[in-house]
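This report concerns only the one structure given below.
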């Protein structure tokens, strides 16, 4: 049931170990689910309890440590040999006194790794402050260093098979946005449109299963267009209002985000058509600059230059790296297209450019999800770059 | 646009402050999204960046601190006055050097709270180890104590309006499980059934919007019935295999989880019918014991006594408290029905009893979501407590 060939997992682990060696890390303790999946293939919705994968320089395969009831999931879905799958007993779950990390520390001691240097994900959700404190208390001879986005940075260059997955996600994204455009109409309840969107996300395509997105459908109508990140209610869509949509197609946790704006009428206010025009022009300019060798912050600078003639100012970043992910975020937490990010763009990187505008008097979203090629870039989906009038 | 009357938020805050005073906490810093919503009404999918609500004993309303683009969401959806909504600039998002908690610390200093005792959620996801370290470094005169489930324990007794919401979620749950039973058939792709389930979750009922569940539909077929927490693929359902379903109806983030098992055939193996019978009998015995005054661990003991005549042993807890929640978990992280939990059951509590069995040779799930009344309990939904044969 492996999603990728065993060799691909081993290659990812080898790259991870190279980074570990460079940073003087003997053991890397990973709790971020996308990283756990990336390194082992494990794919369960068990990240609401403590669990981890530990990569040790001393052995080829990582070890998986999780709640006992989830161990069979790791046996079925990961490439790991059974001897590398460890369980902690259920009474440790949400136990105010004893902690799952006590069990993790015990396994580390048994493996003889307790005097080594550990890299941990200090600013990733799913590794709590208490998890750190308990590990530190139980492993007094270990040294802990921050390895926050170490695996995320290994993930930043996608393999040919990963790119294939992202293109499938792109096909799903087309179906998803089409479902949104088809279902959003004056008088329709927001929740009923959201239902059609989710249905398209999960169905996928005729050949491939869709998957759950790391962020649920975001849908802002009327007054709510002055902010992103809201969801639906039983409110009905009204004539002559805008609807901002931030969605995604997903295949095996690989994301192709897609954002568009619908105006429910044939006569959008001038401020909306002007904003749409300027933003789309700026997006095109930024895209135009993307090829191997360009620096991340320069892509954003091209956007800013292109819209400098207008009154639009966007304080937030223009985009970020995408790939495999789980809730709560499809962003990779590596590259950000903004001033100061000096990452050199390389083939195999994948980016989501989303110049969202959430002003008090107008909101507008449009985007591009792309993968960098040897000479430029390719779009992950094909959907008109326009304000949609209905 | 308030979900609850302003007075209800103020009552929740008053109860929170009582607990804070008892524990010697001046300021409570909350990053768990369900707690943020519970105390203020704020409801956005922005919990993938750092944000918090701070309850101070010195002022009536909490303050909300979040990413600048999300502040309008807080203005629209929370009951807070605008002066209590603070924004941090976008460049702090996923910035490896500067941290959003630096901005939070600055606001705390401006408020004059920087020499006080802070309660923080040390073992809740969304408050990372680094968030703690940065706060501690920037507020050297503050004292930090663990207030991990303080608000969760305020949430444990539901108000009449919350119970009304949970009953609406129960109606959604009936629709959701019916969609699953209707769509799961031999030859159907798992993803197509998951799509119908999600559609029912988001639609809700004719009167009320559904909402996204804190856990996506869990669906284990064939070999996968030996573990929980897995999701769907493009695999088609086969004749004479079991499908475990762990779903939920949701209304405004209030959950009514629902789990059932479908067998795709008219002749399930004896081990499956026997397991179903014993588990259902044990669940009935546990339910029968629920009324105000009973102790949480005794409910679980009743289950164990009732199935003692069989070979079934369930190591994991029998159930837990439910209510408002967000991904990654609909469990409240308060009451666990297991040995050692001495919580006295009271009217207004809501529990999910889920005696799931995930053996190598048989998997079975069935459940009850209930709310405790003055004299006993009420089911949140009405769905036959049987193995479903199709």
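Just so you know, all these numbers are worked out from the coordinates, no wet-lab data involved. Quick caveat, the model's predicted, so the values are computed rather than measured. Don't worry about glycine lacking a Cβ; one is built from the backbone with ideal geometry, like all the others, and counts go over all protein chains shown.
Tell me, what is the Rg over Rh of the range A:6-155, with Rh the Kirkwood radius over Cα pairs?
On the way: Rg = 13.9 Å, Rh = 15.1 Å.
Rg/Rh: 0.92.
Distance in nm between label sites at residue A:75 and residue B:137, each 7 Å beyond Cα in the beta-carbon direction?
Here the answer is 4.4 nm between the modelled labels.
How long is the gain from residue A:6 to residue A:161 if the chain were fully straight, where each residue apart is worth 0.36 nm and the alpha carbon distance is subtracted?
Values: separation 155, 0.36 × 155 = 55.80 nm, distance 1.28 nm.
Residue separation times 0.36 nm, minus the Cα-Cα distance, leaves 54.5 nm.
From Cα pairs below 8 angstrom and at least 6 apart in sequence, can you work out the relative contact order of the range A:6-155, rounded to a whole percent? Please list the in-between numbers first.
Details: 240 pairs, mean separation 38.1, N = 150.
Relative contact order for the range A:6-155 comes out at 25 percent.
Could you work out the helix-only [θ] at 222 nm for chain A, with each DSSP H run of four or more residues adding -39,500 (n - 2.57) and the total divided by the number of residues, to the nearest 500 deg cm²/dmol?
Details: 10 runs with 128 residues, N = 390.
Taken over chain A, the calculation gives -10500 deg cm²/dmol.
Tell me the angle of helix A:129-138 to the major Cα principal axis of chain A, expressed in degrees between 0 and 90 and rounded to the nearest ten.
Orientation of helix A:129-138: about 10 degrees from the principal axis.
Taking Cα atoms, how many degrees apart are the long axis of helix B:190-203 and the longest axis of chain B, rounded to 10 and kept between 0 and 90?
50 degrees
Fewest Cβ neighbours within 10 Å first, please rank B:31, B:256, A:159 accordingly. Each step should come with its number before you reach the end.
Details: B:31 22, B:256 31, A:159 13.
Going from sparsest to densest Cβ surroundings: A:159, B:31, B:256.
Could I have the simple spin-label model distance between residue A:346 and residue A:313, label points 7 Å from Cα toward Cβ, reported in nm to one decimal?
3.7 nm
Helix B:270-288 against the longest principal axis of chain B: what's the angle in degrees, Cα atoms only, rounded to the nearest 10?
With rounding to tens, the tilt is 50 degrees.
Based on the alpha-carbon gyration tensor of the protein assembly as shown and its eigenvalue square roots a ≥ b ≥ c, which shape applies: rounded if a/c is under 1.5, prolate if not and a/b is larger than b/c, or oblate?
rounded
Treating the point 7 Å from Cα along Cα-beta-carbon as the label, what are the nm separations from residue A:266 to the other copies, to one decimal?
Nearest first, the other copies' label points are 5.9 nm away.
Placing a label point 7 Å from Cα toward Cβ, how far apart in nm is residue A:83 from its equivalents in the other copies, listed shortest first to one decimal?
6.8
Post the alpha-carbon centroid distance, the range A:266-292 to the range B:318-332, in whole angstrom.
Taking the Cα centre of the range B:318-332 as reference, the centre of the range A:266-292 is 42 Å away.
Give me A:192, B:82, B:298 sorted ascending by neighbouring Cβ count inside 10 Å, so fewest comes first. Display every interim value, and only then the final one.
Working: A:192 22, B:82 8, B:298 16.
Ranked by crowding around the Cβ, least crowded first: B:82, B:298, A:192.
Find every distance from the label point of residue A:58 to the corresponding label point in the other copies (7 Å from Cα along Cα→Cβ) and write them in nm, one decimal, shortest first.
List, nearest first: 5.1 nm.
Once the Cβ-Cβ distance between residue A:298 and residue A:178 is put in as r, and R0 is 51 Å, what FRET efficiency do you end up with, to the nearest 0.05? Could you put the intermediate results ahead of the total?
Details: r = 34 Å, r/R0 = 0.66.
For R0 = 51 Å, the calculated efficiency reads 0.90.
Want the number for residue B:361 to residue B:83: 0.36 nm per residue separation, take away the alpha-carbon distance, what's left?
On the way: separation 278, 0.36 × 278 = 100.08 nm, distance 5.97 nm.
94.1 nm is the gain from fully extending residue B:361 to residue B:83.
In percent, what relative contact order does chain A have, based on Cα pairs under 8 Å that are 6 or more apart in sequence?
Values: 838 pairs, mean separation 54.2, N = 390.
For chain A, the relative contact order is 14 percent.
With r as the distance between the Cβ atoms of residue A:98 and residue B:277 and R0 = 30 Å, compute the FRET efficiency 1/(1 + (r/R0)^6) and round to 0.05. Walk me through the intermediate numbers first.
On the way: r = 35 Å, r/R0 = 1.15.
It comes out at approximately 0.30.
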